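Working notes, structure below.
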Amino acid sequence: QVQVVESGGGLVQVGGSLRLSCVISGADTRTIVMGWYRRTPGREREYVARIFSNDITHYTESVKGRFTISRDNAVNTVYLQMNSLKPEDTAVYYCAAFFLTGTRWGQGTQVTVSS
């Protein structure tokens, strides 16, 4: 059974940094795409970043230059390093693992940026 578990969220001041982690158990993640999404109350879930099996990365425009996605296949983990955080980054952040059999989502981790 595949499980996706995020951690690392919290409260941070404007301009601060956080690193989110996502551990995927029960599956081999070496060949899959993994990504991060976020949701704020009253809005649709928003794409943030993704990383491909060859370590190519892609970001939504609003986080380019501030966020970095990376992966460690040895421990089936994907990370999201978030720097220069802004109040508009406040959201629940979700990890996604894109398997051929379907997408697996984590339960989310709250990030709150205070001004």
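The values are calculated or read from the model by the stated rules, or taken from the named source; none is laboratory data. Just so it is clear, the structure is predicted and the values come from calculations on it, not from any experiment. As a convention, Cβ positions derive from the backbone with ideal geometry for all residues, glycine included, and neighbour counts pool all protein chains shown. Calculation scope for accessible area: heavy atoms of the full protein, side chains included, ligands and nucleic acids excluded. Shrake-Rupley method; radii C 1.70, N 1.55, O 1.52, S 1.80 Å.
The figures follow:
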| quantity | calculated |
| --- | --- |
| Close pairs from the stretch 82-110: first part of a helix (DSSP H, G or I), partner modelled with pLDDT under 95, Cβ under 6 Å, at least 6 apart | P87/S115 |
| Subset of the stretch 13-24 [more than 13 Å from Q81 (Cβ to Cβ) and more than 16 Å from the chain's Cα centre (by Cα)] | Q13, V14, G15 |
| Failed condition for F99, given (1) open to solvent by 60 Å² or more (accessible area, probe 1.4 Å); (2) at pLDDT below 95 | (1) |
| Selection count where residues are among the acidic types (D, E) and over 25 Å from V14 (Cα atoms), scope the stretch 45-97 | 2 |
| Verdict on V78 being modelled with pLDDT of 95 or more, touching a helix residue (DSSP H, G or I) at 6+ places or on another chain (Cβ under 8 Å) and not small (G, A, S) | no |
| Residue that is farthest from S7 (Cα to Cα) [pool: residues in the stretch 68-78 that are open to solvent by 60 Å² or more (accessible area, probe 1.4 Å) and not in a strand (DSSP E or B)] | A74 |
| The stretch 28-62: number of residues that are in contact with a strand residue (DSSP E or B) (Cβ under 6 Å, 6 or more places away or on another chain) and without any contact (Cβ under 8 Å) to a residue 60 or more places away in the chain | 14 |
| Failed condition for A97, given (1) within 11 Å of the chain's Cα centre (by Cα); (2) within 18 Å of V111 (Cβ to Cβ); (3) not β-branched (V, I, T) | (2) |
